[in-house]
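The values are calculated or read from the model by the stated rules, or taken from the named source; none is laboratory data. Owing to the predicted nature of the structure, the values given are computational and were not obtained by experimental measurement. Every residue, glycine as well, gets a Cβ built from its backbone with ideal geometry; the counts of neighbours run over all protein chains shown. Ligands, DNA and RNA are stripped out before the accessible areas are found, and what is left, the full protein with its side chains, is counted by its heavy atoms. Shrake-Rupley method; radii C 1.70, N 1.55, O 1.52, S 1.80 Å.
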Amino acid sequence: MDAGLDLRARVAELMPRAKEELAELVAIRSVADPRQFPPEECDRAAAWVLEHFAALGFADARLARTSDGSNAVVGSRPCARADAPTVLLYAHYDVQPPLDDTAWETPPFELTEKGGRWYGRGTADCKGNILMHLLALRALGEDVPVNLKLVVEGSEEQGTGGLEAFVVENPDLLRADTILVCDTGNAAVGRPASTVSLRGMVNVVVTVEALASEVHSGMFGGAAPDALAALVAMLATLRDADGNTTIEGLDTAGRWEGEPYPPEQFRGDAGLLEGVRLLGDGTVSDMLWARPCVTVLGVDCPPVVGSAAAIVPRTAARLNLRIPPGLAPDVAEKTLTAHLHDAAPWGVHVTVEVEATGSPFRATIDGPAYQAMGAAMAEAYGTPMVTLGQGGSIPLCNVFTDTYPDAEIILMGVEEPQALIHAPNESVDPTEISAMALTEALFLQRYAAASS
């Protein structure tokens, strides 16, 4: 029997078990925030991951405590061939909180099949990718032709940096020729892709002060400056009438050269209301992956209900600036800060506090691992692999690049736009789990052959 067909059959046979195990893992409420869920839930998830990979030949698998208090599962599985390459498998077992339970159509921590998809928090991000690894390795059985290393972290969604510090402190432990960062996904169900570009980010809080305290809007309005109106005027300068980001000093003319994102698909994926226009003068892909974008995340101001006829003396806004590869976070931070100060009217007092920054990432895609992955995806899906960008940040990718400059880093996984990761009603298409598991198994075989 053809090796690819044999692997495909094995994956199909193993899918019922994968569903049962994903249900077990989804039922563990592993939100890495003790203010919301007991820490024991993350401990249970870590123990589950450790047990299942240890049973697949990662005999030295163990829990490694990281600087933020979370446990990473680390381990290795050597192969018999002395000159075989080493592949590091990455995923994370922690999940986003469910947010509004009432917005879920199914119980958030109970895997529920509906309309051909499996619903539940973490089904796609990122417990589905853990099952993808397990499924691929089970399909290969004893015939895994590369050295494997494993790291499954427990605080990725909180962004507290535990694994990033751990990598720097233990560089030899996770050193590999290729790193599969399995926390992204495909362009759509059945359309295989590798993410090659990640936007970085700068989060700031801008505070505007105009008066010592509230004053009566009838007695003082018209001459006394309104801090909230000043902030609104400042925020309005961040975009033009077409929605392009207009922070003076930032290049906003970038073009995306990879797979296009069809506008109608994006409208559906993003849930645009009827009659609402897409933003910007570039393509959807340009706006998402090649240009900076600033978003107002929150504003401190009196709510409508309970507000008084008074001028607001002090207000603040939290801003998120996403930046494409090629733009350094420190440069973007200084440019945004200068723009806000320059845009402030009426001499109001402005302070800008930086909350967090993250560097953008661009993968190198001309190495043997990428070629092997492209061939594996094409065989598994019957259609060529495309390259995507992603607006989200994965700081770990830059840590991997800095620590292992010769390693190929491939971002892939079971997530796709319908998965609604980070939102209520997260789900995964089980055909993505099976197809990506087959992809991973085929990749390990092809990569080993190319390296022999």
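Counting only residues that are touching a Ser or Thr at 6+ places or on another chain (Cβ under 9 Å) and either buried (at least 19 other Cβ atoms within 10 Å of the Cβ) or within 23 Å of Ile394 (Cβ to Cβ) (or both), the range 291-312 holds 5 of them.
Taken together, the residues in the range 133-157 that are open to solvent by 20 Å² or more (accessible area, probe 1.4 Å), assigned to a loop (DSSP other than H, G, I, E, B) and closer than 18 Å to Cys42 by Cα amount to 0. When the range 385-397 is examined, which residues are found to be open to solvent by 30 Å² or more (accessible area, probe 1.4 Å) and of a type outside the set (Ser, Thr, Tyr)? Of everything in the range 385-397, those that are open to solvent by 30 Å² or more (accessible area, probe 1.4 Å) and of a type outside the set (Ser, Thr, Tyr) turn out to be Met385, Val386, Gln390, Pro395. Pairs meeting the criteria (first residue in the range 303-318 and of a type in the set (S, T, N, Q), second residue modelled with pLDDT of 95 or more, beta carbons under 8 Å, at least 6 apart or on different chains) are Thr315/Thr207; Thr315/Val208; Thr315/Ala227; Thr315/Leu228; Thr315/Leu231; Thr315/Val299; Thr315/Asp300; Thr315/Cys301.
Do you know which of the residues in the range 369-384 that are within 14 Å of Ala187 (Cα to Cα) and part of a loop (DSSP other than H, G, I, E, B) is most open to solvent (accessible area, probe 1.4 Å)? Among them, the one singled out is Pro384.
Each residue in the range 1-25 was checked for being open to solvent by less than 90 Å² (accessible area, probe 1.4 Å), outside any loop (DSSP other than H, G, I, E, B) and of a type outside the set (Gly, Ala, Ser), and 11 of them qualify. Selection of the range 82-113 for residues being touching a helix residue (DSSP H, G or I) at 6+ places or on another chain (Cβ under 9 Å), part of a loop (DSSP other than H, G, I, E, B), open to solvent by less than 70 Å² (accessible area, probe 1.4 Å) and not hydrophobic (A, V, I, L, M, F, W, C) yields Pro85, Tyr93, Asp94, Gln96, Pro97, Pro107, Pro108. Across the range 248-277, the qualifying residues are those that are touching a residue at least 24 places away in the same chain (Cβ under 8 Å) and of a type in the set (A, V, I, L, M, F, W, C), and the one among them that is surrounded by the most Cβ atoms within 10 Å (Cβ to Cβ) is Trp256.
From the set of residues in the range 402-424 that are over 17 Å from the mean Cα position of the chain (by Cα) and open to solvent by less than 60 Å² (accessible area, probe 1.4 Å), which is nearest to Glu169 (Cα to Cα)? Ranking the candidates gives Thr403 first.
Mind counting the residues in the range 56-81 that are under 13 Å from Lys149 (Cβ atoms) and part of a strand (DSSP E or B)? Of the residues in that region, 8 qualify.
Only one of the listed residues (Gly69, Gly128, Gly116) is under 21 Å from Pro430 (Cβ atoms) and surrounded by fewer than 15 Cβ atoms within 10 Å (Cβ to Cβ). That residue is Gly116. For the range 425-446, the candidate set comprises residues that are open to solvent by 10 Å² or more (accessible area, probe 1.4 Å) and not acidic (Asp, Glu); within that set, the residue that is nearest to Met377 (Cα to Cα) is Ala435. Residue pairs whose Cβ atoms lie under 9 Å apart, separated by 6 or more positions or on different chains, with the first residue in the range 385-400 and more than 19 Å from Asp177 (Cα to Cα) and part of a strand (DSSP E or B) and the second among the aliphatic types (A, V, I, L, M) and open to solvent by 30 Å² or more (accessible area, probe 1.4 Å), are Thr387/Ile365; Gly389/Leu288; Gln390/Leu288. Restricting attention to the range 36-52, the residues that are surrounded by 12 or more Cβ atoms within 10 Å (Cβ to Cβ) and either in contact (Cβ under 8 Å) with a residue 60 or more places away in the chain or closer than 28 Å to Ala378 by Cα (or both) add up to 6.
Ala55 falls short on exactly one of the conditions (1) more than 20 Å from the chain's Cα centre (by Cα); (2) hydrophobic (A, V, I, L, M, F, W, C); (3) open to solvent by less than 20 Å² (accessible area, probe 1.4 Å); (4) within 25 Å of Ile433 (Cβ to Cβ), and that condition is (3). Can you tell me which of (1) over 19 Å from Val348 (Cβ atoms); (2) acidic (Asp, Glu); (3) at pLDDT 95 or above is the one Asp300 doesn't meet? Of the numbered conditions (1) over 19 Å from Val348 (Cβ atoms); (2) acidic (Asp, Glu); (3) at pLDDT 95 or above, the odd one out for Asp300 is (1).
Among residues belonging to the range 338-358 that are touching a Gly at 6+ places or on another chain (Cβ under 8 Å) and open to solvent by less than 60 Å² (accessible area, probe 1.4 Å), point out the one that is nearest to Ser393 (Cα to Cα). For the range 338-358, the residue satisfying everything is Gly358. The residue that is farthest from the chain's Cα centre (by Cα), counting only those in the range 26-35 that are under 17 Å from Asp125 (Cβ atoms) and surrounded by fewer than 20 Cβ atoms within 10 Å (Cβ to Cβ), is Ala27.
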